[in-house]
1. Within the stretch 178-199, can one find any residue that is among the acidic types (Asp, Glu), part of a helix (DSSP H, G or I) and more than 27 Å from the chain's Cα centre (by Cα)?
2. Return the total of residues in the stretch 101-116 being farther than 13 Å from VAL73 by Cβ, assigned to a helix (DSSP H, G or I) and either of a type outside the set (D, E, K, R) or modelled with pLDDT of 90 or more (or both).
3. Here are the criteria: (1) surrounded by fewer than 15 Cβ atoms within 10 Å (Cβ to Cβ); (2) under 29 Å from LEU121 (Cβ atoms). Tell me which single one LEU180 does not satisfy.
4. So which residues in the stretch 217-258 are of a type outside the set (Ser, Thr, Tyr) and either in contact with a Gly (Cβ under 7 Å, 6 or more places away or on another chain) or not assigned by TED's automatic domain parsing to the domain that holds GLU203 (or both)?
5. So, TYR6, is that one in contact with a helix residue (DSSP H, G or I) (Cβ under 6 Å, 6 or more places away or on another chain) and either in contact (Cβ under 8 Å) with a residue 12 or more places away in the chain or in a loop (DSSP other than H, G, I, E, B) (or both) or not?
6. If GLN159 satisfies all but one of (1) surrounded by fewer than 15 Cβ atoms within 10 Å (Cβ to Cβ); (2) at pLDDT 90 or above; (3) in contact with an Asp or Glu (Cβ under 9 Å, 6 or more places away or on another chain), what's the number of the condition it fails?
7. Any residue that is more than 22 Å from PHE23 (Cα to Cα) and either in contact with a helix residue (DSSP H, G or I) (Cβ under 8 Å, 6 or more places away or on another chain) or of a type outside the set (Phe, Trp, Tyr) (or both) - is there at least one of those in the stretch 61-68?
Amino acid sequence: MYETFYGLTGKPFQLNPDPAFFFRSRGHGRAMAYLDYGVHQAEGFIVVTGDVGAGKTTLVRNLLRSLAPGNLVAKQIVSTQLDADDMLRMVAGAFFGVQPELPDKAGLLLGLERYFRRLQLEGKRALLIVDEAQNLTPRAVEELRMLSNFQTNERSLLQSFLLGQPEFRQIMQQPDMRQLRQRVIASYHLGPLGAEETQAYVEHRLGLVGWQNNPSFEPGAFAAIHEAAEGIPRQINVLCDRVLLAAFLGEKHNLTESDVSGVAQELRTELRGGLTDEEADAAAAGSMTIPAYAPSLSLVSGKSSFSHGAVASTADGVLLNGLAEQVHLLQQSVASVARTLDQLRATQTKAPAVVEPEERPAQAGSME
């Protein structure tokens with residue numbers, strides 16, 4: 001929507017992890033070095049942790065893009081609270097594709113081992129990427145560890161990446177994870193970007209789509225972006241995308257601290273179910289009752305949290321609360337889109353008003 005107005009060749013702040021937009025901050029650069037070492041060892045587990053939106057998936061995709069094409073068969077699964085057998089079916093489905101019927105556990109293990117050995121004979125190797133690893137159950141982790149036992153005299157047949165949120169680091173320290181820890185050959189935790197890196201990140205992404213300092217950013221604007229998004233790349237993308245949209249609607253070519261702060265405040269209100277900062281603070285202090293349909297989610301202050309002012313005590317109540325919440329958020333989204341379209345129409349239909357000539361009164365004595 002705003003790309004043409006600012007002469008950009010594409011969308012600079014998309015949410016989809018795209019290795020073409022990889023930004024090598026100090027932390028991401030160190031992580032790449034660790035992971036590059038780990039993947040060339042061709043065995044064991046590589047663990048990457050970080051906050052939601054820290055860039056774990058983009059990091060791994062950028063790493064895979066740098067490897068020799070055709071030599072690696074990489075598959076990704078997103079883990080949930082699955083039991084051991086279900087985890088094996090997920091792995092088999094990732095490598096074999098969707099099948100109408102999968103064999104029992106023994107059949108799955110035999111099929112996977114044969115497949116990995118066939119890849120080795122073709123000069124290839126298998127890599128399994130498990131996202132949201134903090135959701136893994138101990139039994140599921142044990143199955144993944146057992147898969148790492150598939151090997152020949154020369155090398156392992158399967159290597160695994162485990163991507164997870166910070167709590168996965170605590171899970172890894174549990175006593176029943178000792179055998180898995182012994183198989184980890186590289187590990188890194190992605191922290192947030194610093195203030196200077198946040199500015200460099202924004203300018204990097206804009207530069208990749210032809211940005212020519214239009215719009216320009218005042219120093220205070222970059223500081224406000226870092227403060228609001230807390231240095232988390234995905235939150236920076238969400239905020240900057242909305243800032244550029246608001247600037248486009250206002251036909252602005254210079255962005256200030258107040259421009260960023262205003263959009264950040266708008267996002268806070270939207271993500272808190274329409275509550276203002278004062279109302280959210282009052283609710284947190286217990287002096288205000290939040291409707292069951294109003295979620296409290298902070299994108300730009302402290303750790304993300306989600307809570308309801310009223311919690312249903314029955315299954316029906318939980319279902320109704322969830323439906324009411326979805327309806328409420330949908331209504332907000334529709335209203336926001338409607339406001340945006342109205343503003344867009346206003347900017348596109350501006351035209352000088354046609355002034356009708358004044359009607360002169362007939363002079364005395366004039367003839368019709």
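The values are calculated or read from the model by the stated rules, or taken from the named source; none is laboratory data. Note that the structure is predicted; figures quoted are calculated from it, not measured. Here Cβ is always computed from backbone atoms with ideal geometry, including for glycine, and neighbour counts include all displayed protein chains.
1. Checking the stretch 178-199: not a single residue is among the acidic types (Asp, Glu), part of a helix (DSSP H, G or I) and more than 27 Å from the chain's Cα centre (by Cα).
2. Residues flagged as farther than 13 Å from VAL73 by Cβ, assigned to a helix (DSSP H, G or I) and either of a type outside the set (D, E, K, R) or modelled with pLDDT of 90 or more (or both) within the stretch 101-116 amount to 8.
3. (1)
4. Within the stretch 217-258, GLY231, ILE232, PRO233, ARG234, GLN235, GLU257 qualify.
5. no
6. (1)
7. No, there is no match, as no residue in the stretch 61-68 is more than 22 Å from PHE23 (Cα to Cα) and either in contact with a helix residue (DSSP H, G or I) (Cβ under 8 Å, 6 or more places away or on another chain) or of a type outside the set (Phe, Trp, Tyr) (or both).
Yes/no matrix, rows are residues, columns are (1) over 32 Å from the mean Cα position of the chain (by Cα); (2) surrounded by fewer than 14 Cβ atoms within 10 Å (Cβ to Cβ); (3) at pLDDT below 90:
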| residue | (1), (2), (3) |
| --- | --- |
| ASP83 | no, yes, yes |
| LEU88 | no, no, yes |
| GLN99 | no, yes, yes |
| THR152 | yes, yes, yes |
